[in-house]
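I have placed the structure first, in the form of structure tokens, so that the comments after it can refer back to it.
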Amino acid sequence: MVDHRASPAPAGGTGIAHSRRGSVMVMFALFLTVLAGATSFALDLSNLYLVRQERQMVSDLAVLGATSTAAPIAGSVPSATALATARAIVAANGLDAGATTLTVTPSPARSGAQALKATIGAPVALPIGLLSLGRPPTVNVASWAEPSGTGACFRSQYGPTNIYNNAVVTAPACTAEAKTFFYSCGKSQTVLANVATGYTPLSEAPYLCPTASLQPNAAGFDYSATVTDTIAGTAPVTGMLAHLDAMAGGWPYGTRSPVRPSIPAGTTTSPSYSGQTATIAANARLGSLTVSNSSLSFQGGGADPRCTAPTTIAATLTLSGTNLLTFGSGCYVFGAAVNAATGSTSSLAVAPGASVVFVFAGGTLTVASGATLVFGDAAVYVNGGSIANYGTRLSFGNGPFYLWGGTIYNVLATSTLTFGNGPFYFYGGSVSNIGTMTLGNGPFDFQGGSLALISGSTTSFGVGDMSFYGGTVIAGGKSVTFGAGGSATTGSGTVAMHGGSFALTADSLTAIGTSFGFKGGTLSLLGIGTIKATAPTDANPRLGYRNLLFAVWGGAFNLYQSGGQSDTMSGLVYAPATNASIYGSQTITPPPGGCFGVVSGVLDIYQNATINGAPCAGLTGNTAGRAVLVQ
């Protein structure tokens, strides 16, 4: 019988105890692996948290910096300065500026208010990478801030700022400022970022009516504020004022037409052509000339810009039927009358490459009913006399156009009067339009006299500055366009008037990229229809002045409309020492990226006027821009 209990242990000591030790080692190795993974995960997670916190701080700094710039919100987009500031702060903190976006959103803190939102989104290189499985995760952070105290939207520099009756002012990125008190009464509704008033809380209280809706309320006002003109020294304003002051010296082109040829004495003939083709000799001296259904070639006497040796028609040029008159290089003087007969079609063309001057020496140019008269590209001098268009079309080509005294009258609602590219010089006399009148690119200079755009008319001026040295301007009719074909950013022109009177009464006003400046007179936009008027937005526009829409020195600014017009306007109305009044029934809204505000001696917004305001870049207020982090 064998006693198993006494049997010796197997060789090598590989019993149960050893097996257990092996199992523990395996389990411990697995534990170490799990522990290492957990530690790596924790390290990645901690690093990710720290990166998010750091980027959140940078995002906060970026949006606060952007919102503290002057006029950080331009309409519905961030200003270029705000965006550049945000990205510079991000770059200064070692992050990729290109991964930063800046947008305008509704404020998370206040209903109806705007805020800037800064977003930073970029990959994060983790120390272990277990969390991201080898792919760097992207960390996105965002911050919101509201601008406050931006100024330059609504300011009275000598008295109160008044919003009353049923007026509505919605300008959540703007400050309203008043040298004395801020008046909010009637059933008006006002939304602003801030209100700064020169009065104390006790003195201000009577001017805030419980019937009006006002945000912020009186508790949020800045009281005993110092309100001064911070805009007077800005480049747009000093540029416009210098422009107007330069006009104070008066008309710079002299008092007599620069080209005034006489008709030389000598042998003249008075030919008549009907159904013919003929050549008119160089330097011909004609009495009258009658042309019907013919083709004439004028040889001219060679380029003669001062008209020292002209071809002359001393008496009347009569055109009937269909005619082609082609002019070679030279000067051509019409001494008495040019008559385009009823129903005729005539072209006074310029030969290819020719240099031509036409001079009307005090007579008349008349286009009869149903007639068409077209001039080629030439310099034109109207030395007194008159131009009257009763016809279908009277057209001048490219080249300088001088009206020295005399009159231009586009007589009928069916008449079209067109000019090519100038420049244009109107000395004295008058220009009147009842039909359709189109002028190409300028500049345009007017001395005294009058410009009357009459009821039912359509008038368009091309790109270029318009300067009025006194005189009377009535810009009425169906529509008036300034700066046609110009740029909203780099500008289309300046409409400047020194002295005289200017009234805009058209059913439709269009002025894109245009600045209006007036010295010594009142600007009235009374009863006008739809307005689409914007100042140029470029920091250094080629024409016009950045974000300066209407500037008035010495007179008041009045905008009245009825019928609930919807206007698109961008820029600042600036009447630094006088009244500005916006009333009637209209809604003013800046285009995307635009702005709108009024700075004046005393400001009144009342009746049913509705204004959507936004601060204008480059035109700042009294209070430095302050930013409030709202999320």
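The values are calculated or read from the model by the stated rules, or taken from the named source; none is laboratory data. What you see is a predicted model, and the numbers here were worked out from it, not measured in a lab. Cβ atoms come from the backbone with ideal geometry, glycine included; neighbour counts cover every protein chain shown. Please note that ligands, DNA and RNA were not included when accessible areas were found on the heavy atoms of the full protein model with its side chains. Shrake-Rupley method; radii C 1.70, N 1.55, O 1.52, S 1.80 Å.
Summary table
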item	result
Meets criteria (in contact (Cβ under 8 Å) with a residue 40 or more places away in the chain and open to solvent by 10 Å² or more (accessible area, probe 1.4 Å)) for ALA173	no
So THR459, is it assigned to a loop (DSSP other than H, G, I, E, B) and over 24 Å from GLY362 (Cβ atoms)	no
Whichever residue in the stretch 441-455 is among the polar types (S, T, N, Q) and more than 19 Å from ASN421 (Cα to Cα) and, among such residues, is most open to solvent (accessible area, probe 1.4 Å)	SER455
Single unsatisfied condition, ALA86 versus (1) touching a Leu at 6+ places or on another chain (Cβ under 9 Å); (2) modelled with pLDDT of 85 or more; (3) open to solvent by 20 Å² or more (accessible area, probe 1.4 Å); (4) aliphatic (A, V, I, L, M)	(3)
Candidates GLY112, GLY159, GLY149, filtered to the one that is closer than 30 Å to ALA580 by Cβ, open to solvent by less than 10 Å² (accessible area, probe 1.4 Å) and modelled with pLDDT under 85	GLY149
Filter result (open to solvent by 30 Å² or more (accessible area, probe 1.4 Å) and in contact with a strand residue (DSSP E or B) (Cβ under 8 Å, 6 or more places away or on another chain)) within the stretch 324-342	LEU324, THR326, SER329, ALA336, ASN339, ALA341
Matching option when the condition is over 32 Å from the mean Cα position of the chain (by Cα) and at pLDDT 75 or above, among THR211, THR170	THR211
Residues of the stretch 509-562 satisfying the condition of being open to solvent by less than 10 Å² (accessible area, probe 1.4 Å), of a type in the set (A, V, I, L, M), assigned to a loop (DSSP other than H, G, I, E, B) and in contact with a Gly (Cβ under 6 Å, 6 or more places away or on another chain)	ALA535
THR312 being in contact (Cβ under 8 Å) with a residue 40 or more places away in the chain, in contact with a strand residue (DSSP E or B) (Cβ under 9 Å, 6 or more places away or on another chain), within 18 Å of CYS331 (Cβ to Cβ) and in a strand (DSSP E or B)	yes
Residue in the stretch 176-189 that is most open to solvent (accessible area, probe 1.4 Å), counting only those that are assigned to a strand (DSSP E or B) and of a type in the set (Ser, Thr, Tyr)	TYR183
Hey, PHE375 out of contact with any Gly (no Cβ under 7 Å at 6 or more places or on another chain), within 22 Å of LEU286 (Cα to Cα) and touching a residue at least 12 places away in the same chain (Cβ under 8 Å) or not	no
Filtered residue count, the stretch 587-615, keeping only those that are closer than 25 Å to TRP553 by Cβ and among the polar types (S, T, N, Q)	1
Counted residues, the stretch 413-430 - those being open to solvent by 40 Å² or more (accessible area, probe 1.4 Å) and either small (Gly, Ala, Ser) or closer than 20 Å to VAL333 by Cβ (or both)	2
Exclusive hit being within 26 Å of GLN561 (Cα to Cα) and crowded, with 23+ Cβ neighbours inside 10 Å, set THR458, THR472, THR494, THR436	THR494
Some residue of the stretch 61-78 being open to solvent by 40 Å² or more (accessible area, probe 1.4 Å), in a loop (DSSP other than H, G, I, E, B), modelled with pLDDT under 75 and polar (S, T, N, Q)	yes
Count of residues meeting criterion [under 23 Å from TYR427 (Cα atoms) and touching a Phe, Trp or Tyr at 6+ places or on another chain (Cβ under 9 Å)] in the stretch 348-366	9
The stretch 209-221, residues that are touching a strand residue (DSSP E or B) at 6+ places or on another chain (Cβ under 8 Å) and either among the small types (Gly, Ala, Ser) or buried (at least 18 other Cβ atoms within 10 Å of the Cβ) (or both)	ALA212, SER213, LEU214, ALA218, GLY220, PHE221
Those residues of the stretch 475-491 which are open to solvent by 10 Å² or more (accessible area, probe 1.4 Å), in a strand (DSSP E or B) and more than 24 Å from TYR427 (Cα to Cα), in sequence order	SER479, SER487
Options ASN383, ASN410: the member that is buried (at least 18 other Cβ atoms within 10 Å of the Cβ) and touching a Leu at 6+ places or on another chain (Cβ under 8 Å)	ASN410
Residues of the stretch 375-408 classified as within 31 Å of the chain's Cα centre (by Cα) and closer than 14 Å to SER432 by Cβ, total	2
Residue ID - nearest to LEU526 (Cα to Cα), chosen from residues in the stretch 565-592 that are hydroxyl-bearing (Ser, Thr, Tyr) and either open to solvent by 50 Å² or more (accessible area, probe 1.4 Å) or without any contact (Cβ under 8 Å) to a residue 12 or more places away in the chain (or both)	SER566
Single condition THR316 does not satisfy, out of (1) at pLDDT below 95; (2) within 21 Å of VAL382 (Cβ to Cβ)	(1)
